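What follows is calculated from the coordinates using simple rules that are stated; it is not laboratory data. This one's a predicted model, so the numbers in the text were calculated from it and none came from an experiment. Don't worry about glycine lacking a Cβ; one is built from the backbone with ideal geometry, like all the others, and counts go over all protein chains shown.
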Amino acid sequence: MTAVESVGEFRFECGESIENLRLAYETYGEFDGDNAVLVCHALTGSQHVSNAPSSADHDGDDLGDAVETAGQARAWWNDVVGPGKAIDTTEYYVVCVNVPGSCYGSSGPPADGPDDEPWGTEFPPVTVGDWTRAQRRLLDRLGVGRLHAVVGGSVGGMNALDWAKRFPDDVRRVAAVATASRLDTQCLSLDAIARRAITTDPDWNGGDYYGDDRPSPADGLAQARRIGHVMYLSKASMGRKFGRRAAGRDAFGDGPDDPTGRFFPYREVESYLDYNADSFTTRFDANSYLYLTRAMDEYDLAAGYGSDAEALAAFEGELLALSFTGDWHFTVEQSRVLAAAARDGDVPTAHHVVDSDHGHDAFLVEPESVGPPLRDFLADGVGGRAVRDEDDDDGPPGGRGRGPDRAPVHASLFPG
Ligand SMILES: CC(=O)SCCNC(=O)CCNC(=O)[C@H](O)C(C)(C)COP(=O)(O)OP(=O)(O)OC[C@H]1O[C@@H](n2cnc3c(N)ncnc32)[C@H](O)[C@@H]1OP(=O)(O)O
Ligand SMILES: N[C@@H](CCO)C(=O)O
């Protein structure tokens with residue numbers, strides 16, 4: 001069950017403030033004072049990370065009201081978070097917060113503003129740093145001081161890295177999954193195209209489209225999501241799933257009829273993109289998509305410091321960078337650079353590379369690859385049994401072999 005907590009006036013990094021920031025969140029497991037794990041969701045995820053029973057007793061305390069929100073039907077990391085799972089909710093107190101700017105119950109464009117009308121684009125622009133500060137505010141309300149760990153994938157991984165930079169004393173272990181210190185230019189360009197698809201949809205109307213009697217910019221949002229899905233898959237996974245096969249029917253989805261297209265097949269890959277794009281428009285808000293992709297594009301770990309290493313130098317904990325060979329959205333090389341920077345900042349670090357052709361969404365669909373290193377990192381840090389630094393002798397296939405001047409990483413060197 002989602003709870004929503006009002007955390008009071010909040011000043012965003014852009015300089016604008018709102019009177020009352022509301023944060024939708026879920027918690028799982030019992031807090032024992034030292035076992036809190038913050039899980040940060042990716043671009044279109046929500047606070048609903050697991051189907052495990054939510055632990056928060058929101059009745060009879062002064063914390064957030066229990067509410068039903070229009071969330072994702074599917075808990076996005078149910079195979080990773082729950083009783084007996086890698087992030088074991090019988091052991092850890094797991095907190096997941098819907099980021100400001102999103103559309104699953106936290107303050108953001110589709111939520112009501114002070115005049116009880118949706119904020120729309122009057123909502124202040126948000127940054128990953130705003131998410132981190134908002135999460136800190138909520139954790140204070142929950143009585144959580146130092147976190148055992150912050151874990152996040154994709155832009156949620158940037159959020160996790162931001163914790164190490166912004167609150168270096170507040171977290172013992174950071175797991176940055178399928179992420180990077182910043183987005184590369186190719187991905188910036190694809191995000192820009194996706195936003196343009198939304199803002200050129202006439203129904204976007206400058207961001208003012210809320211209300212049952214108003215059309216929403218579904219075509220633009222669907223187009224943005226098609227671009228997203230191409231980024232989340234890989235050449236290999238697309239080839240394997242769809243090849244060049246025709247879908248075996250005449251279909252153009254709800255798109256405009258294209259006389260030339262009548263002669264050619266409607267392919268499985270088009271059918272996949274159309275289906276997922278259409279279903280996305282039933283669960284996500286176009287303005288939120290603009291806000292959150294802007295936050296992701298803007299994130300730069302080194303901002304305010306000279307380098308990534310300097311940004312991480314005050315972090316006293318340990319870092320796991322987990323990357324996937326088939327991910328071209330956030331590449332293995334970007335994680336390698338991140339890991340090297342963290343080591344330069346004297347942060348005990350492991351870079352665990354998963355051999356996978358799934359593409360970026362491997363972190364969502366391969367719990368068998370993601371779970372063991374995460375579980376053992378949470379338990380024993382970079383020396384955890386299933387944590388394989390790519391420079392270890394027994395690292396993953398395709399790893400580079402041990403670096404010439406680097407000693408093996410042992411848990412005993414880095415006591416919790
Ligand atoms: C933090 C967050 O993580 S965000 C939340 C999770 N992410 C998302 O929801 C992103 C959108 N979803 C996806 O990308 C995927 O569904 C994933 C990554 C969650 C799961 O991937 P997979 O298990 O490999 O599923 P796959 O991509 O094959 O199928 C997705 C859907 O496309 C449908 N589909 C598959 N092939 C085709 C096709 N040729 N034509 C039409 N539809 C198709 C599937 O039936 C499925 O439908 P459903 O969602 O109604 O069950
Ligand atoms: N497919 C996931 C990951 C994107 O980074 C999402 O939609 O949030």
remark   = Note to self: C-alpha centroids of the stretch 274-314 and the stretch 76-129 sit apart, in Å, by 14 Å
query = Taking amide hydrogens as modeled 1.01 Å from N in the peptide plane, which residues meet the under 5 Å criterion relative to LEU147, leaving out close sequence neighbours?
reply = VAL171, ARG172
inquiry  = Of ALA236, ASN287, THR260, which is farthest towards the positive pole of the stretch 186-294's charge dipole, taken about the Cα centre with +1 and -1 on the beta-carbons of Lys, Arg and Asp, Glu respectively?
reply    = ALA236
task = Going by C-beta contacts inside 10 Å, put ARG375, ARG137 in order with the fewest on the left.
result = ARG137, ARG375
task = Would you mind counting up the charge near HIS360? Only other residues with Cβ under 12 Å from its Cβ, with Lys and Arg at +1 and Asp and Glu at -1.
result = -4
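For the stretch 318-389, what's the relative contact order in percent, using C-alpha pairs closer than 8 Å and at least 6 residues apart?
Value for the stretch 318-389: 36 percent.
How would the stretch 186-294 be classified by its alpha-carbon gyration tensor: rounded, prolate or oblate, with rounded meaning a/c under 1.5 and the a/b versus b/c comparison settling the rest?
oblate
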query = Among GLU318, GLU16, GLU91, whose mean-square fluctuation peaks in a Gaussian network model of the chain (Cα, cutoff 10 Å)?
reply = GLU16
inquiry  = Which of GLU390, GLU30, GLU19 ends up with the largest GNM mean-square fluctuation for the chain, with Cα atoms connected below 10 Å?
reply    = GLU19
query = What is the magnitude of the charge dipole of the stretch 186-294 about its Cα centre, with +1 placed on the Cβ of each Lys and Arg, -1 on the Cβ of each Asp and Glu, and no other charges, expressed in debye to the nearest 20?
reply = 820 debye
note = Relative contact order of the stretch 186-294 (C-alpha contacts under 8 Å, at least 6 apart) in percent is 30 percent
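Where Lys and Arg each count +1 and Asp and Glu each count -1, what net charge lies around ALA236 among other residues with Cβ under 12 Å from its Cβ?
Result for the neighbourhood of ALA236: 0.
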ask   = Among the aspartates and glutamates, which fall within straight-line cross-link reach of LYS85, defined as a Cα-Cα distance under 20 Å, with same-chain neighbours fewer than 8 residues apart omitted?
value = GLU26, GLU30, ASP32, ASP34, ASP361, GLU366, GLU368, ASP376, ASP380
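Classify the stretch 64-168: rounded, prolate or oblate, from the alpha-carbon gyration tensor (a ≥ b ≥ c, eigenvalue square roots; a/c under 1.5 rounded; otherwise prolate if a/b is larger than b/c)?
Note, shape of the stretch 64-168 comes out prolate.
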query = How big is the antiparallel share of DSSP beta bridges in the chain, given as a percent to the nearest 5?
reply = 35 percent
query = Mean residue ellipticity at 222 nm from the helices of the chain, using -39,500 (n - 2.57) per DSSP H segment of n ≥ 4 over the full residue count, to the nearest 500 deg cm²/dmol?
reply = -9500 deg cm²/dmol
task = Extending each Cα 7 Å along its Cβ direction at LYS241 and ASP346, get the distance between those two points in nm, one decimal.
result = 4.5 nm
note = For the chain the mean separation of alpha carbon contacts under 8 Å (6+ apart) over residue count, i.e. relative contact order in percent, is 15 percent
query = Which shape class, rounded, prolate or oblate, goes with the chain when its Cα gyration tensor gives a ≥ b ≥ c as root eigenvalues, a/c under 1.5 marks rounded, and past that a/b bigger than b/c marks prolate?
reply = oblate
task = Could you calculate the contour length gain from THR199 to CYS14, that is, 0.36 nm times the residue separation minus the distance between their Cα atoms, to one decimal place in nm?
result = 64.5 nm
query = To the nearest 20 debye, what is the magnitude of the charge dipole of the chain about its Cα centre, counting +1 on the Cβ of each Lys and Arg and -1 on the Cβ of each Asp and Glu?
reply = 1400 debye
message = As a footprinting exposure proxy, order LYS165, LYS85, LYS241 by other Cβ within 10 Å, with the fewest listed first.
response = LYS241, LYS85, LYS165
remark   = Expressed in nanometres to one decimal, the distance between label points 7 Å along Cα→Cβ at ASP140 and SER307 is 3.4 nm
ask   = With the chain treated as a Gaussian network of Cα nodes joined by springs under 10 Å, which of SER216, SER271, SER46 yields the largest mean-square fluctuation?
value = SER271
message = Based only on other Cβ atoms within 10 Å, what is the fewest-to-most ordering of ARG133, ARG245?
response = ARG245, ARG133
request  = Subtract the Cα-Cα distance of GLU117 and ARG214 from 0.36 nm times their separation in residues, and report this length gain in nm to one decimal.
outcome  = 33.5 nm
